[in-house]
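Visitor: Got a structure for you, questions after.
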Amino acid sequence: MTPVPGPGGRFPEVHPGAAAGWYPMLARTVRAVLSVTGLSRALPTARRVHAVAQPAGRMTVVSQPRTSVVSHRPSLTVLSANLWCDWPRQRRWPQRLEAVARLAEAEDVDLLFLQEVARTPALAADVWLSERLGMALAYARANGDVDAIGFEEGPAILSRHPLLQIHLAQLSRGHNPLVRRVALGADVRTPHGTVLAVSAHLGLLPRHNARQIRALRAWVAHLSGGEAAVVGGDFNAAETRAEIIETQRTWTDTFRTAHPHADAVTHASIAAWGRWRPARRLDYIFVQQPHVTRWHVSDARHVDAPGGPHSDHRAVLARLLPV
């Protein structure tokens with residue numbers, strides 16, 4: 001889907017049509033419930049359920065960055081970070097957002113891929129970070145509804161460079177209308193040419209996750225026409241999984257290119273006895289190379305935000321040099 005920019009380069013929010021499958025049935029059911037007399041007390045709850053169950057797709061896009069860009073920057077620096085919405089507690093949320101902003105500044109980031117970007121009536125994390133860093137913005141609601149229940153979250157892309165076309169794919173099949181997995185893409189006009197940038201957040205269940213990884217690769221190949229693309233996000237799949245190994249054969253794994261044998265854990269979980277223990281590598285930045293290699297990985301690291309953790313995930317950094 002491609003929103004048309006309005007005055008000032010700001011895109012309107014986009015509401016796609018109802019998805020096939022469960023959603024039309026749910027919508028008809030909710031409308032029927034709302035039409036029954038004597039259910040006035042149930043109306044607010046029914047409306048909230050109806051709003052939350054709508055398909056992913058409402059987007060906010062600011063196509064132009066507010067800060068000027070040095071045209072001769074030698075590399076393209078990409079950072080991917082799961083912000084851990086931590087709903088409903090959202091512990092240290094303002095401090096964690098500031099930590100992400102400082103990390104982006106310290107690493108001189110050009111493209112920032114974010115997942116679990118939360119919005120509440122008091123604070124929209126995507127808008128706050130865009131204004132704080134002066135970057136262009138694309139955000140898509142995946143789950144929740146800030147107007148209906150006071151909370152929603154989704155992926156976002158922030159960029160030092162102008163955003164052109166915006167793309168969105170719902171990778172989950174709608175088995176659970178309240179939990180969706182989506183990928184957000186943007187064609188970014190960089191000094192090194194237009195690049196397709198994608199921020200993705202995939203599912204937890206291995207069978208669904210495997211299908212979503214395959215769908216993501218096919219979607220990116222279709223959008224890019226085989227040209228260069230940079231894909232980052234929380235894949236929720238360890239690199240020992242067959243789907244990740246297959247993806248590494250198809251796309252360049254930036255961290256493994258720079259560090260073939262290094263420890264690569266990006267997520268920590270709590271053990272049953274309450275101690276933190278290292279878990280798995282779940283977060284990646286991949287590069288889809290055209291037939292002739294276009295990008296060289298000059299640096300790749302897993303990084304932590306200054307001043308304390310920004311999330312329960314480590315961020316992934318990659319510096320790409322045009323060939």
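Visitor: Of all residues in segment 148-168, which are under 13 Å from ALA118 (Cα atoms) and either open to solvent by 20 Å² or more (accessible area, probe 1.4 Å) or under 15 Å from the mean Cα position of the chain (by Cα) (or both)?
Guide: Of everything in segment 148-168, those that are under 13 Å from ALA118 (Cα atoms) and either open to solvent by 20 Å² or more (accessible area, probe 1.4 Å) or under 15 Å from the mean Cα position of the chain (by Cα) (or both) turn out to be ILE149, GLY150, GLU152, GLU153, GLY154, PRO155, ALA156.
Visitor: Which numbered condition in (1) closer than 22 Å to ARG141 by Cβ; (2) open to solvent by 30 Å² or more (accessible area, probe 1.4 Å) is the only one that ALA218 fails?
Guide: (1)
Visitor: With open to solvent by less than 10 Å² (accessible area, probe 1.4 Å) and not polar (S, T, N, Q) as the only criterion, which of ALA242, ALA229 stands out? Spell out the reasoning first.
Guide: On the way: ALA242 fails: open to solvent by less than 10 Å² (accessible area, probe 1.4 Å).
Every option except ALA229 fails the conditions.
Visitor: From the list ALA197, ALA221, ALA264, ALA215, which residue is hydrophobic (A, V, I, L, M, F, W, C), part of a loop (DSSP other than H, G, I, E, B) and out of contact with any Pro (no Cβ under 6 Å at 6 or more places or on another chain)?
Guide: Working: ALA197 fails: part of a loop (DSSP other than H, G, I, E, B); ALA221 fails: part of a loop (DSSP other than H, G, I, E, B); ALA215 fails: part of a loop (DSSP other than H, G, I, E, B).
Residue meeting the stated conditions: ALA264.
Visitor: Can you tell me how many residues within segment 287-323 are touching a strand residue (DSSP E or B) at 6+ places or on another chain (Cβ under 8 Å) and either of a type in the set (Gly, Ala, Ser) or closer than 26 Å to GLU98 by Cα (or both)?
Guide: 19
Visitor: Can you tell me which of (1) hydroxyl-bearing (Ser, Thr, Tyr); (2) assigned to a strand (DSSP E or B); (3) under 17 Å from GLY203 (Cα atoms); (4) open to solvent by 20 Å² or more (accessible area, probe 1.4 Å) is the one TYR284 doesn't meet?
Guide: (4)
Visitor: Of all the residues that make up segment 142-188, how many are touching a Phe, Trp or Tyr at 6+ places or on another chain (Cβ under 9 Å), at pLDDT below 90 and part of a loop (DSSP other than H, G, I, E, B)?
Guide: The number of residues fulfilling the criteria is 3.
Visitor: I need the helices (runs of 4 or more DSSP H) fully contained in segment 21-128, keeping only those with at least 1 residues that are surrounded by 12 or more Cβ atoms within 10 Å (Cβ to Cβ) and modelled with pLDDT under 70.
Guide: Details: elements: 22-35, 43-52, 93-106.
Per the criteria, 22-35, 43-52.
Visitor: Which of the residues that make up segment 172-191 are more than 19 Å from GLU153 (Cα to Cα) and either basic (Lys, Arg) or buried (at least 18 other Cβ atoms within 10 Å of the Cβ) (or both)?
Guide: ASP187, VAL188, ARG189, THR190 - these are the residues of segment 172-191 that are more than 19 Å from GLU153 (Cα to Cα) and either basic (Lys, Arg) or buried (at least 18 other Cβ atoms within 10 Å of the Cβ) (or both).
The values are calculated or read from the model by the stated rules, or taken from the named source; none is laboratory data. Everything quoted here is computed from the prediction, not taken from an experiment. Virtual Cβ from ideal backbone geometry, glycine too; neighbours counted across all protein chains shown. Please note that ligands, DNA and RNA were not included when accessible areas were found on the heavy atoms of the full protein model with its side chains. Shrake-Rupley method; radii C 1.70, N 1.55, O 1.52, S 1.80 Å.
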